[in-house]
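Chemist: Here's a structure for you.
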Amino acid sequence: MRPIDAGNGGVIEKMSRILIVDDEYPVRFALSEVLKKHGFATLEAPSGAEAIEILGDQEIDLVLLDLAMPGMDGIATLQELRRVRPNVPVIIVTGRGDIATAVRATKLGAYDFLSKPPHADRLLVTIQRALERSELQQLLNQLDRSVEASLEWVFGKSTAMKKVIEQIRQVAWSNFSVVIQGETGTGKSVAAEAIHNLSRRAEQSFQVVDVGVIPETLIESELFGHEKGAFTGADKKKPGFFEHANGGTIFIDELENIPLSIQGKLLRAVEEKKVYALGSTKPRDIDVRLIVATNHDLKKLVRERKFREDLFFRLSEFTITLPPLRERVEDIPFLAVKFLVRASAELNKQMRELDKEVLDILMRYPWPGNVRELKNVVRRAVLLSGDGVVKAEHLELLIEDRGEDNEVSPLLPLKEMAAMATRDAERRAIKRALEITNGNKSKAASLLEVDYKTLLTKIKQYQ
């Protein structure tokens, strides 16, 4: 039984319909009787051709398929089933002599295979898992069609993320500027895009600007555009991100990397709704909603005079803080399975499940790289797995690099790895200096050649 929408907010239970394809009547009869006793509706086909015909005419949730059939054999039938109804899971039920062929069938898209006669408990568990995976895939497909109805499937269902989701819903329909803050990999760009997709600007442009990868000398030109001849190499007029985003939303990531000299121009663009291209004295009108993201404490940067206070207040009309994954571990199993399904589709591998031990490891791991790291770990584990199940051995190659204090190195893009490596090196150096000086912070600061205040700030930063 599975729930379906009955309209008006109601839900009814519907029997899952299973098509049994086997040329032997006793096999079809036996399987059908077992399944009916456990609440499934069954249909039967004695040949591959009839199975294809039934699948084309009726709603089927799962297929049990024999391999050794006269005429159109199981492999040919599977290939046609996958063409006609690619989202319907297929479980191979075959004789012991066909195991090698059954393995080939899983590579061609079958969910799993069972030897004849299948043990009832194993059969039911395999069917249930296949149906659950199919339903999850359908939910992920719905996500692409309806962002508003699926925010929980993007971010998770923990209490912490429900608060974030509610904030996204509240601010999306306004025209507020939004600051999204959180550690690396927590999903700041995903949250920004969700706000845009739920806003009245959803049909307009969504421009993403990663300030961290733009050379400082080009940031102004990239944001506001430039005129021909504005600088060496400017051989033609070029509009900036603000003009490309006109009518829509511009998302500026790593906001803290915008130089003070350009922050004033950004403030003027937001307040006056005008931009001045580099090399031009004529303003251009723009209508842009601004969303920014940072993994730094902007208030602290304001106090240190590294970020303009007036710009901070103008941008932070609404602030959303994304919690790190280690503070919402209850979301890890769902996110892991979601990434498993997506990686399976991307890599064309029929992955059935995550081993229980794998889930235990994922739940214990601190995830310094947060959701992005989890996605990368699962994706690489799917690549390494060869039997449809992600096991602990597939994770050891990915998160085995443990350093001092048994800490685990994250698996992230190189740019982010470099930044994290720098912070880690600082933390270790400070710890070592304090050990050498028996905790004397003044001596440690002298040893590290930094002032005392900076050392105290770093100690607090690295806890």
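Since every read-out is calculated from the coordinates, none of them should be taken as a lab result. These numbers come from a predicted model, not from an experiment. Cβ atoms come from the backbone with ideal geometry, glycine included; neighbour counts cover every protein chain shown.
Chemist: Is the shape of region 180-225 rounded, prolate or oblate, going by the alpha carbon gyration tensor and its root eigenvalues a ≥ b ≥ c, with a/c under 1.5 for rounded and a/b larger than b/c for prolate?
Modeler: Here region 180-225 falls in the oblate category.
Chemist: So, with +1 on the Cβ of K and R and -1 on the Cβ of D and E, and no other charges, what is the size of the charge dipole of region 151-321 about its Cα centre, to the nearest 20 debye?
Modeler: 320
Chemist: Kindly give Rg over Rh for the chain, based on alpha-carbon atoms, with the Kirkwood expression for the hydrodynamic radius.
Modeler: That ratio is 1.08, to two decimals.
Chemist: With the contact rule set at Cα under 8 Å and sequence spacing of 6 or more, what percent relative contact order holds for the chain?
Modeler: Contact order relative to length: 11 percent.
Chemist: In region 325-406, if the dipole is taken from +1 on Lys/Arg beta carbons and -1 on Asp/Glu beta carbons about the Cα centre, which of Met363, His394, Leu340 is farthest to the positive end?
Modeler: My answer, from the dipole projection, is Leu340.
Chemist: In terms of modelled amide H atoms, which long-range or inter-chain residues lie less than 5 Å from the amide H of Leu278?
Modeler: Amide H neighbours of Leu278: Gly225, His226, Glu227.
Chemist: Counting other C-beta atoms within 10 Å, which of Thr457, Thr101, Thr294 has the fewest, and how do the rest follow?
Modeler: Thr457, Thr101, Thr294
Chemist: Sort Phe312, Phe339 so that the residue with the fewest other Cβ atoms within 10 Å of its own Cβ comes first and the one with the most comes last.
Modeler: Ascending number of Cβ neighbours within 10 Å: Phe312, Phe339.
Chemist: Kindly provide the trypsin sites (Lys or Arg not before Pro) of region 23-124 that DSSP labels as loop, not H, G, I, E or B, and whose Cβ sees at most 12 other Cβ atoms within 10 Å.
Modeler: Of the trypsin sites (Lys or Arg not before Pro), not one in the loops of region 23-124 has a Cβ with at most 12 other Cβ atoms within 10 Å.
Chemist: Ok, one more. Charges only on Cβ, +1 for Lys and Arg, -1 for Asp and Glu: so what's the dipole of the chain about the Cα centre, in debye to the nearest 20?
Modeler: With only Lys, Arg, Asp and Glu charged at Cβ, the dipole is about 1580 debye.
Chemist: Taking neighbour Cβ counts within 10 Å as the exposure measure, how do Thr77, Thr319 sort from fewest upward?
Modeler: Thr319, Thr77
Chemist: Specify which residue in the list Leu136, Asn87, Pro117 is farthest towards the positive end of the charge dipole of region 2-145, using unit charges on the beta carbon of Lys, Arg (+1) and Asp, Glu (-1), about the Cα centre.
Modeler: Of the candidates, Leu136 comes out farthest on the positive side.
Chemist: What are the ³J(HN,Hα) values, in whole Hz, obtained from phi via the Karplus relation 6.51 cos²θ - 1.76 cosθ + 1.60 with θ = phi - 60°, for each residue of region 214-224 in sequence order, with x given for Gly and Pro?
Modeler: Coupling constants for region 214-224: 9, x, 4, 6, 10, 4, 4, 5, 5, 6, 10 Hz.
Chemist: Follow-up question, since we're still on this one. What is the gain in length, in nm to one decimal, between Phe29 and Lys299 on full extension, counting 0.36 nm per residue of separation less the C-alpha to C-alpha distance?
Modeler: This chain segment gains 90.1 nm when fully extended.
Chemist: Which residue, Leu151, His296, Ala76, has the largest displacement toward the positive end of the dipole of the chain when charges sit on each Cβ (Lys, Arg +1; Asp, Glu -1)?
Modeler: His296
Chemist: Once you place label points 7 Å from the Cα toward the Cβ at Glu216 and Ser261, how far apart are they in nm?
Modeler: Here the answer is 0.8 nm between the modelled labels.
Chemist: Could you derive backbone 3J(HN,Hα) for region 308-314 from the dihedral phi with the Karplus parameters 6.51, -1.76 and 1.60 (θ = phi - 60°), listing whole Hz in sequence and x where the residue is Gly or Pro?
Modeler: Rounded to whole hertz, the list is 5, 5, 5, 5, 4, 5, 6.
Chemist: Quick check: net charge around Tyr462, other residues with Cβ under 11 Å of its Cβ, Lys/Arg +1 and Asp/Glu -1?
Modeler: Around Tyr462, the charge tally is +4.
Chemist: Mind listing which GluC sites (Glu not before Pro) in region 258-328 are in a DSSP loop and have 14 or fewer other Cβ atoms within 10 Å?
Modeler: Passing both the DSSP loop test and the Cβ count: Glu304, Glu317.
Chemist: Also, I was wondering about something else. Would you pull out the residues with amide H under 5 Å of Phe307's amide H, same chain only if 5 or more places away, H placed 1.01 Å from N?
Modeler: Val302
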